[in-house]
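Working notes for the structure below.
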Amino acid sequence: MILSIESSCDDSAIAITDIKTKKLVFHKKISQELEHSVYGGVVPELASRLHAEALPKILEECKPYFKDLKAIAVTTAPGLNVTLVEGVTMAKALCISLNLPLIAVNHLKGHIYSLFIEKETFFPQTVLLVSGGHTQVIEVKSLEEMQMVATTMDDSFGESFDKVSKMMKLGYPGGPVIEKMAEEGDENRYPMPLPLSQSPLIAFSYSGLKNAVRLVALDAQEKDYCDIAACFQKAAVGHLLQKLKKYFKTHPPENFSIVGGASANLYLREKIETLLKPFKASLSLAEMKYCSDNAAMIGRVGIEMYEKKMFVDVDEVRTEARTSL
Ligand code: KG4
Ligand code: ZN
């Protein structure tokens, strides 16, 4: 079995996965949403302190499995350095005391492999990764052949939901609450700019849209919030759709997937489904509970890396905030 640890942002999670069957034997996650909600976003130092409390608590429950472990996998990048280091320190201590190899997992690969938790992999995949830190289109051929073909020039898709929520004092994370309010709103009431609509670039940008929402929210009252949420969501998703449509003209998708915390958004899922219809491409999604950060996805990558003996020296392992794959 592999024990995997995730602490790249505000979720402390540990999983244990059976290497042969790929079955998840144990998974527990302690989220810090409540603690960060008052600040309208993640406070890195607070997150780090909360990981230091939560991770040992979860690890305690894993002790019965220690004798069956073959490796420790841990998220090392990208993420907040002060929170990544909490998971990495625990992973190093476990490797030394239990005499096990260490596997350094990229968080973005983790999100991609959330598609395959307790399942076999299948490639190629054109992946849309939408989370709090990233908005990327990635062409995936295998574990080691991944190419990012589009990314954001500023804010990410999920982050823009968080910021719009903060403007209306609706708490953190913003995605679920904005999606819920949008269901009740009129998505045509406020005209919103479609980012980069005149640009030939296959890239994303959310800062302009965010500022447009800010201007509308300044003069708005609480009764207008559902309409604002609906208009914002329509433009935020419309921007993804417009750029994907452009990309598909030269790269028609065969298997398409959406991963990351914001892939839980049902409005986005429905629109992408419609976009894919003419291509007859398959659409894969992670189970709802594995869309946001978790350790099961890190364990799933861990299995692939274990089989390829992709280990890293305990003294060499480094955390990195960089966003590359
Ligand atoms: O993948 P994740 O858990 O953490 C990162 O790696 O960033 O993603 C969290 C992000 C947050 O920005 C959150 O607001 C967004 O995903 N999110 C959503 C929804 N649920 C979560 N965004 C839009 N609609 C949702 N339903
Ligand atoms: Zn994530």
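Accessible area per residue, 1.4 Å probe, Å², for the stretch 199-325: what's the number? Don't jump to the answer; show the numbers that get you there.
Numbers: 6030 Å² over 127 residues.
Value returned for the stretch 199-325: 47 Å² of accessible area per residue.
Over the Cα atoms of the stretch 172-270, compute the convex hull volume and normalise it per residue, giving Å³.
For the stretch 172-270, the hull spanned by Cα atoms encloses 111 Å³ per residue.
Assigning unit charges at the beta carbon (Lys, Arg +1; Asp, Glu -1) and nothing else, what dipole magnitude in debye, to the nearest 20, does the chain show about its Cα centre?
On the way: 37 positive and 41 negative charges, 142 e Å.
That gives a dipole near 680 debye.
Just list whichever of Lys180/Lys271; Lys28/Lys271; Lys109/Lys141; Lys246/Lys271; Lys29/Lys210 have alpha carbons separated by over 24 Å in the model shown. Walk me through the numbers before you get to the answer.
On the way: Lys180/Lys271 16 Å; Lys28/Lys271 32 Å; Lys109/Lys141 12 Å; Lys246/Lys271 15 Å; Lys29/Lys210 31 Å.
Among Lys180/Lys271; Lys28/Lys271; Lys109/Lys141; Lys246/Lys271; Lys29/Lys210, the Cα-Cα distance tops 24 Å for Lys28/Lys271; Lys29/Lys210.
Grab the beta carbon distance between Leu46 and Glu254, set R0 = 35 Å, and tell me the FRET efficiency rounded to 0.05.
Working: r = 43 Å, r/R0 = 1.23.
The value I calculate is 0.20.
In a solvent-free Debye calculation with one equal scatterer on each Cα, what is log10 I(q)/I(0) for the chain at q = 0.08, 0.11, 0.13 Å⁻¹, listed in the order of the q values?
For the chain at q = 0.08, 0.11, 0.13 Å⁻¹, log10 I(q)/I(0) is -0.37, -0.69, -0.94.
Highest first, please rank the peptides 132-139, 94-101, 216-223 by the mean number of other Cβ atoms sitting within 10 Å of their residues. Don't skip to the answer; put the middle values down first.
Numbers: 132-139: 23.8, 94-101: 15.0, 216-223: 10.9.
For the peptides 132-139, 94-101, 216-223, the packing ranking is 132-139, 94-101, 216-223.
List the residues, sorted by chain then number, that are 5 or more residues from Val25 or on another chain and whose placed amide H is less than 5 Å from its amide H.
Ile16, Thr17, Asp18
Return one quarter of the surface area of the convex hull spanned by the alpha-carbon atoms of the stretch 104-230, equal to its mean projected area, in nm².
Details: hull surface 38.7 nm².
Mean orientational projected area (the stretch 104-230, Cα hull): 9.7 nm².
Stick to the Cα atoms of the stretch 103-145, pair each with every other, and give me the Kirkwood hydrodynamic radius in Å at one decimal. Walk me through the intermediate numbers first.
On the way: mean 1/r = 0.0904 Å⁻¹.
By the Kirkwood definition, the hydrodynamic radius is 11.1 Å.
With r as the distance between the Cβ atoms of Asp315 and Leu218 and R0 = 41 Å, compute the FRET efficiency 1/(1 + (r/R0)^6) and round to 0.05. Walk me through the numbers on the way to the answer.
Details: r = 53 Å, r/R0 = 1.29.
With R0 = 41 Å, the Cβ-Cβ based efficiency is 0.20.
Can you order the peptides 201-212, 225-236, 28-39 by their average number of other Cβ atoms within 10 Å per residue, highest first?
Ranking, from highest mean packing down: 225-236, 201-212, 28-39.
Give a residue-ordered list of calculated ³J(HN,Hα) values for the stretch 233-246 (Karplus: 6.51 cos²θ - 1.76 cosθ + 1.60, θ = phi - 60°; whole Hz; x for Gly, Pro).
Per residue, the Karplus-derived 3J(HN,Hα) values read 4, 4, 6, 4, 6, x, 5, 4, 5, 4, 6, 5, 4, 4 Hz.
Which percent, nearest 5, of DSSP beta bridges in the chain are antiparallel?
Working: 23 of 41 bridges.
Around 55 percent of the beta bridges assigned by DSSP in the chain are antiparallel ones.
Going by amide H atoms built from the backbone, whose H comes under 5 Å of the H on Ala150, apart from near neighbours?
Val137
I'd like the FRET efficiency for Lys57 and Ser324, computed as 1/(1 + (r/R0)^6) with the beta carbon distance as r and R0 of 30 Å, rounded to 0.05. Kindly include the intermediate steps, with their values, before the conclusion.
On the way: r = 32 Å, r/R0 = 1.08.
Taking R0 as 30 Å, the efficiency between Lys57 and Ser324 is 0.40.
Note the full-extension length gain between Lys67 and Met288 as 0.36 nm times their separation in residues minus their Cα-Cα distance, in nm to one decimal. List each step's numbers first, then the result.
Values: separation 221, 0.36 × 221 = 79.56 nm, distance 3.13 nm.
So the extension gain works out to 76.4 nm.
Over the stretch 1-44, average the accessible area per residue using a 1.4 Å probe and give it in Å², no decimals.
Result: 40 Å² of accessible area for each residue.
Place a label point 7 angstrom from the Cα of Ile30 along the Cα-to-Cβ direction, then list the residues of the stretch 39-72 whose backbone nitrogen is under 14 Å away.
47-62
Taking all protein chains as present, what is the carbon and sulfur share of the accessible area of the chain, in % to the nearest whole number, probe 1.4 Å?
On the way: 7720 of 14460 Å².
Carbon-and-sulfur percentage of accessible area, whole number: 53.
In degrees from 0 to 90, rounded to the nearest 10, what is the angle of the helix 174-184 Cα long axis to the longest principal axis of the chain?
With both axes taken from Cα atoms, the answer is about 40 degrees.
The values are calculated or read from the model by the stated rules, or taken from the named source; none is laboratory data. Since the structure is predicted, the reported quantities are computational estimates derived from the model, not experimental observations. When we count neighbours, we look across all protein chains shown, and the Cβ atoms used for this are built from the backbone with ideal geometry, even at glycine. To get the accessible areas, we keep the full protein, side chains included, count just its heavy atoms, and leave off ligands, DNA and RNA. Shrake-Rupley method; radii C 1.70, N 1.55, O 1.52, S 1.80 Å.
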